[in-house]
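One structure below.
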Amino acid sequence: MIQRLTLRILILGMMWIGLGLLKLDAEMSRLLWQALIFTVIVLLGSLMEHLFNYQGDPYILPVVQAIMALGLVFVVRINPDVALHQFWWANIGQLLFYAVLLSIRDYRYFGRFRYIWGLLAVGLLLVTLFFGSEEGGATSSFRIGGIGLQPEEFVKLALLLFMATYLEENEELLRVGTVQWGRFSLPDWRTLRPFMIMVAFVLGILAAQKSLGTALVFYMLFVLMLYVVTERTLYLGISMPVFLLTGTVGYMLFRHVRVRVSVWLNPWQDPTGMGYQIAQSLFAIGGGKILGTGLGNGIGASTVPVAISDFIFSVIAEELGFAGSMAVLVLFLIVVMRAFAISIRAKDRFGQILAAGIGILLGTETLIILAGVTKLLPLTGIPLPWVSYGGSSLIVHFILLGVLLNISNATAVSSHTTKNRGREYAT
């Protein structure tokens, strides 16, 4: 208990020191009240873990809270007015996390609703397609009562649950195959049909929305989960030409995709126009050097477009430098690796697949967004988990975190019970 509380205090101290260095004016007292509420939730949450005898992974939540504390400080740094909403979402997200962690009795219950999760994912995308508003060239959000929502974020949760239930049920057929094609054995159409229909619907609707960054995340999620469960490189081999073909079609059909690829290949053709965003991002990252310019001293917060969401990592890299950037990457790497560790130790196949899927999703999102802001990949416009501004992203990632740690806790409780039974029999 003492160690757990000490770790949370250190994380909160980092956040409050950061807010203190930013020297907020008196008009931002409401933001400090939200930061105080955030602090209380973190500390009370630590106490609740002790009272409810949480036995799961002890490191993931503190690491995520450290990532989030850093993100909150930089959202305040970039736009203090908007940061008030981010604190609201962070506080709500933490409450939802504890609700999921402490209220779910058996996560395997979710495995009974395979087709419901699939229909929910498709339904959310269709609602966005027909009733959503366009932002950045993609129809990916709509407003309810003045609150903007990104249904694509909630689709991640539904798709993960669908994939986990589908792969658990059909693992052996997908691994071995029943139809011979030359040297290779593939599953029959009856086995592949639910998976292929879901892939076609989800990626097709995302293409119609022109939300190609999210489509890339989902495609990688489909392929990597299939590979992790079956361990067949054949699926990776099939996915590559499919990816190249669909990417070429998207390039030919959508002008904003052609613009993004052109800017990615050479942003210096038009550094004050189409290439301005990525050029300013590279200037900010390069200006940070090893130790950075110091919190609040960089210019990227005001010169990099959409710095509060898509390009927040560029501001972090400028003001905390290469050392700070690597620290952020290490924190994300810890979360992903611990998710895979939970997957390996899970007591049932559904929990193993679901935990691995959450790790794959977090790793894929982080890799794609960071590759975009550093010009390793074309820009995708997806948020950096727990860091970028956006309520929908925060809420969904906290729910995913709650599910992940629920699996971890159930595994630990089961192992503890088994050991106790073993001692009883020995006695």
Just Gly292, Gly273, Gly213 to compare: in a GNM of the chain, with alpha carbon springs under 10 Å, which one fluctuates most? Gly273
Using modelled backbone amide H atoms (1.01 Å from N, in-plane), which distant-in-sequence or interchain residues come within less than 5 Å of Phe142's amide H? Ser133, Leu149
Could you tally the net charge around Ile407, taking each other residue with its Cβ under 14 Å from the Cβ of Ile407, Lys/Arg +1 and Asp/Glu -1? +2
Probe 1.4 Å, accessible area per residue of region 281-427, Å²: 38 Å²
When only the heavy atoms of the protein chains count and the probe is 1.4 Å, how do Val100, Val330 rank by accessible area, highest first? Val330, Val100
Grab the Cα-Cα distance for Phe52 and Gln269, subtract it from 0.36 nm times how many residues apart they are, and report the gain in nm with one decimal. 72.2 nm
Averaging sequence separations of C-alpha pairs under 8 Å and six or more residues apart, then dividing by the length of the chain, give the relative contact order as a whole percent. 22 percent
Averaging sequence separations of C-alpha pairs under 8 Å and six or more residues apart, then dividing by the length of region 1-127, give the relative contact order as a whole percent. 35 percent
Give the lysines whose C-alpha is closer than 20 Å to that of Lys210, dropping any in the same chain fewer than 8 places away, or say none. Lys156
Net charge near Phe313, counting Lys/Arg +1 and Asp/Glu -1 over other residues with Cβ under 14 Å of its Cβ? -2
Whole-number Å³ per residue for the convex hull built on Cα positions in region 309-405: 94 Å³
Given labels modelled 7 Å from the Cα in the Cβ direction, how far is it in nm from Leu10 to Tyr227? 3.5 nm
In whole percent, and with a 1.4 Å probe on the protein chains, what portion of the accessible area of region 296-427 is carbon and sulfur? 65 percent
Scan the chain and report its longest stretch carrying no trypsin sites (Lys or Arg not before Pro) that are both in a DSSP loop and have at most 12 other Cβ atoms within 10 Å. 184-427
Quick one: order His397, His256, His50 from most to least accessible surface, probe 1.4 Å. His50, His256, His397
What are the ³J(HN,Hα) values, in whole Hz, obtained from phi via the Karplus relation 6.51 cos²θ - 1.76 cosθ + 1.60 with θ = phi - 60°, for each residue of region 8-22 in sequence order, with x given for Gly and Pro? 5, 5, 4, 5, 5, x, 4, 5, 5, 4, x, 5, x, 5, 6
Under the rule rounded for a/c under 1.5, else prolate if a/b exceeds b/c, else oblate, using alpha carbon gyration tensor axes a ≥ b ≥ c, region 1-135 is classed as oblate
Helix-only estimate, please: 222 nm mean residue ellipticity of the chain, summing -39500 (n - 2.57) across DSSP H runs of length 4 or more and dividing by its residues, to the nearest 500. -25500 deg cm²/dmol
Enter the Cα centre distance for the pair region 339-356 and region 1-71, rounded to the nearest angstrom. 28 Å
Just need the relative contact order of region 284-427 here, percent rounded to a whole number, with Cα pairs under 8 Å and 6+ apart. 20 percent
If Phe131, Phe222, Phe254 are ordered by their accessible area, calculated over protein heavy atoms with a 1.4 Å probe, which sequence runs from highest to lowest? Phe131, Phe254, Phe222
Where does the charge balance sit around Thr230 when Lys and Arg score +1, Asp and Glu -1, over other residues with C-beta under 14 Å from its C-beta? -2
If I build a Gaussian network model for the chain, linking alpha-carbon pairs within less than 10 angstrom, which residue out of Ala164, Ala301, Ala323 has the largest mean-square fluctuation? Ala323
Among (1) 27, 52, 19, 2; (2) 24, 45, 19, 7, 4, 1, 0; (3) 24, 56, 18, 1, find the value of P(r) over Cα pairs in 20 Å bins from 0, in percent that was calculated from the structure presented, and write down its label. (3)
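The values are calculated or read from the model by the stated rules, or taken from the named source; none is laboratory data. This is a predicted model, so every value here is computed, not measured. As a convention, Cβ positions derive from the backbone with ideal geometry for all residues, glycine included, and neighbour counts pool all protein chains shown. When the accessible area is computed, the model is the full protein with side chains, heavy atoms only, and any ligands, DNA or RNA have been set aside. Shrake-Rupley method; radii C 1.70, N 1.55, O 1.52, S 1.80 Å.
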